[in-house]
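Novice: Mind looking over this structure? Questions follow.
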Amino acid sequence: MRKILLFILLTLSLIYGQDFKKAGTSGFVFLELPVSAKSAALGEASISLTDHGAAGLFINPATTGFVENSHNLSVSYSPWIADISHYNTAYSFNSPLGVISVGAIVMDYGSMKRTRSVGGQRLFEVTGSFDANAIALSLGYSRRLTDKFSFGAAFKYINEKIDIYSADNVVFDAGVLYFTGLGSLRLAATIQNFGVDSKFINDSFRMPTVFRIGIAAELIGDYESEYRVTGIVEAFHPADNDERLNVGTEISWKNQITIRGGYKFFYDEESYSFGIGVNPGLGYPAEIDFAYSDYGRLGEVLRFSLQLGIL
């Protein structure tokens, strides 16, 4: 427990000790988007849950230490705002030395028209098109040291491109997950996207570093019960905005049908979310998840995820 508290204190001093500027100063902000329908449905209050499968690589690397399957695959898709497509996939292998995970996040911004000014007037001629996209490739490791504690870490290579211009960098994620022994209460903490500044053409920008701390517990039943109700609270400090609070809950029947809901506090546009997860009972671990998130004036965002495991 002392080691966990030390980790949290050191991370807080590292983040709050820097004179971070706020909105509009971080790049690679696609890394801040939810990577699974389960996380999105819970209002992104999810770092203290242990059933993300391979997708935990991008949520809290420590959670993959609790994956029981030898192999686990997670894929996710979201038709994002403004006709942008957001993809995520991750795979984990449970070895005797720990859980090794690999994954990729892809953001496809689509094609845009290339124009040029005509005759000095406020007229523009279409001369072709160009593409814009972003990708993050991650390699992670997690290990469960006891039945109550796990840690994890991951490195991510990031590249974002628009036309012939691009920027890239390497960032670091780390997390811990601890079952306190007070009922089912568990604590989790992560630091995500930690790295040095990067540069696009001649402009430098910071990484979208985020520190999160969360708690979760079963309010009714447990994962072995016919009915289960789980409550989650998560606070986080982003490098490019003020502190925020997310809450979520899920109600599950025999872990086959799970209803989820969440709410985000202190956001400009984001607010409530909800979703459902279905385990079809195929004889091996499998789950299909759906999430709806309200983004206010920006509209709604849907997300679909599939998780498969091989014992």
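The values are calculated or read from the model by the stated rules, or taken from the named source; none is laboratory data. On a predicted model such as this, the values are computed, not experimentally measured, just so you know. Every residue, glycine among them, receives a Cβ derived from its backbone with ideal geometry; neighbour counts consider all protein chains shown.
Novice: What about Lys254, is it in contact with a Ser or Thr (Cβ under 9 Å, 6 or more places away or on another chain) and under 21 Å from Glu44 (Cβ atoms)?
Specialist: The answer is no for Lys254.
Novice: Could you list, in sequence order, the residues of the range 107-128 that are outside any strand (DSSP E or B) and in contact with a strand residue (DSSP E or B) (Cβ under 7 Å, 6 or more places away or on another chain)?
Specialist: Listed by number, the list holds a single entry, Val118.
Novice: Taking the range 34-80 on its own, how many of its residues are in contact with a His (Cβ under 6 Å, 6 or more places away or on another chain) and among the hydrophobic types (A, V, I, L, M, F, W, C)?
Specialist: Qualifying residue count for the region: 2.
Novice: Any residue that is acidic (Asp, Glu), modelled with pLDDT under 95 and on the phi > 0 side of the Ramachandran plot - is there at least one of those in the range 15-26?
Specialist: no
Novice: Among the numbered criteria (1) touching a residue at least 24 places away in the same chain (Cβ under 8 Å); (2) among the basic types (Lys, Arg); (3) surrounded by 16 or more Cβ atoms within 10 Å (Cβ to Cβ), which single criterion is violated by Arg244?
Specialist: That leaves (1) as the condition not met.
Novice: Listed residues Leu298, Leu306, Leu311; which is over 21 Å from Ala216 (Cβ atoms) and either touching a strand residue (DSSP E or B) at 6+ places or on another chain (Cβ under 6 Å) or modelled with pLDDT of 95 or more (or both)?
Specialist: None of the other options fit; the residue is Leu306.
Novice: In the range 216-228, what residues are hydrophobic (A, V, I, L, M, F, W, C) and crowded, with 16+ Cβ neighbours inside 10 Å?
Specialist: Correct list: Ala216, Ala217.
Novice: Right, another one. So which of Lys264, Lys254 ends up being surrounded by fewer than 16 Cβ atoms within 10 Å (Cβ to Cβ) and among the basic types (Lys, Arg)?
Specialist: Being surrounded by fewer than 16 Cβ atoms within 10 Å (Cβ to Cβ) and among the basic types (Lys, Arg) holds for just one of Lys264, Lys254, which is Lys254.
Novice: Now a separate question. Residue under question is Asn202, and the condition is that it be modelled with pLDDT under 95 and either buried (at least 19 other Cβ atoms within 10 Å of the Cβ) or of a type in the set (S, T, N, Q) (or both); does it hold?
Specialist: Yes.
Novice: Would a scan of the range 276-298 turn up a residue that is surrounded by fewer than 13 Cβ atoms within 10 Å (Cβ to Cβ), over 30 Å from Asp168 (Cβ atoms), of a type in the set (Lys, Arg) and more than 21 Å from the chain's Cα centre (by Cα)?
Specialist: The answer is yes; a qualifying residue exists.
Novice: Let me ask you something else. Within the range 273-286, which residues are assigned to a strand (DSSP E or B) and free of Cβ contacts under 8 Å to residues at least 24 places away in the same chain?
Specialist: Scanning the range 273-286 gives Val278, Ala286.
Novice: If you don't mind, there's one more thing I want to ask. Among the strands (runs of 3 or more DSSP E) confined wholly to the range 197-272, which include 1 or more residues that are among the polar types (S, T, N, Q) and over 22 Å from Ala37 (Cα atoms)?
Specialist: 198-200, 203-205
Novice: Give the residue that is surrounded by the fewest Cβ atoms within 10 Å (Cβ to Cβ), with candidates limited to residues of the range 129-186 that are of a type in the set (D, E, K, R) and either at positive phi or not in a strand (DSSP E or B) (or both).
Specialist: Asp147
Novice: Could you tell me whether any residue of the range 76-94 is in contact (Cβ under 8 Å) with a residue 12 or more places away in the chain, touching a Lys or Arg at 6+ places or on another chain (Cβ under 8 Å) and aromatic (Phe, Trp, Tyr)?
Specialist: yes
Novice: Tell me which residues, restricted to the range 34-77, are under 14 Å from Val301 (Cα atoms) and surrounded by 24 or more Cβ atoms within 10 Å (Cβ to Cβ).
Specialist: Correct list: Pro34, Val35, Ser36, Ala37, Lys38, Ser39, Ala40, Ala41, Leu42, Gly43, Glu44, Ser76.
Novice: I would also like to ask the following. Quickly run through the range 71-103 and pick out the residues that are assigned to a strand (DSSP E or B), among the aliphatic types (A, V, I, L, M) and more than 15 Å from Gln307 (Cα to Cα).
Specialist: Val99, Ile100
Novice: Would you check if there is a residue in the range 255-274 being at pLDDT below 95 and within 24 Å of Gly221 (Cβ to Cβ)?
Specialist: yes
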